[in-house]
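Read-outs throughout are calculated quantities, based only on the coordinates presented, and are distinct from any laboratory measurement. Note that the coordinates shown come from a computational prediction; the quantities given were computed from them, not determined experimentally. With ideal geometry, Cβ positions are generated from the backbone for all residues, glycine too; neighbour counts draw on all protein chains shown.
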Amino acid sequence: MGRNMFRKLRPAEAGFSLIEAMVALIVLSVGMMGIAALHGQALGAGRTAQFRTIAINLAADMADRIRVNRLGGAAYAGGAANNNCDPAGGGGVDCTPAQMAAHDLFLWQQQVQAALPNGQALLQFNNGTVPPTYTITVSWDEVDQPMPLQYQIALQLPTF
């Protein structure tokens, strides 16, 4: 008779059932998968933002080079060449503005190719506008993008 007394005092259910634990595990798993997907998207967006920042800085660098060498003019739309015009690189050559423009293009294109995946640099010169217009374009490949991404600026500088 003493045993029956204890049974009546104990609650009918205690703790979680196996089904409740499995449902909680499924809900938690779905939430964790969502968090993992968001983390992957954040990493991709961060990579894209980093490449875009690099492209902006490279385009601004070329714009600064053009501002310094305004007499280079249309030579910036010509071919790139290593003319050893850079004193920091050990070159002691006294270059004309056109040679300096070709050298600037050479260095800039190397920087773009080294800093961006499949980086491409293009500079166009339009003398038909007043003042003349330089169009600086930097493009690169991005993961999961069918076309290369690009950054483009237009620079207008009066000539002397």
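The Cα atoms of the range 32-77 give a gyration tensor whose axes a ≥ b ≥ c have a/c of 1.5 or more with a/b greater than b/c, which makes the shape prolate.
Near residue 107: Cβ cut-off under 12 Å, other residues only, Lys/Arg at +1 and Asp/Glu at -1. The net charge is -2. Computed from backbone phi, the HN-Hα couplings of the range 98-107 come to 5, 5, 5, 4, 5, 5, 4, 4, 4, 5 Hz, rounded to whole numbers (Karplus: 6.51 cos²θ - 1.76 cosθ + 1.60, θ = phi - 60°; Gly and Pro given as x).
When a/c is below 1.5 the answer is rounded, else prolate if a/b is larger than b/c, else oblate, so apply that to the range 62-131 with a ≥ b ≥ c taken from the square roots of the Cα gyration tensor eigenvalues. Oblate, because a/c is 1.5 or more while a/b does not exceed b/c.
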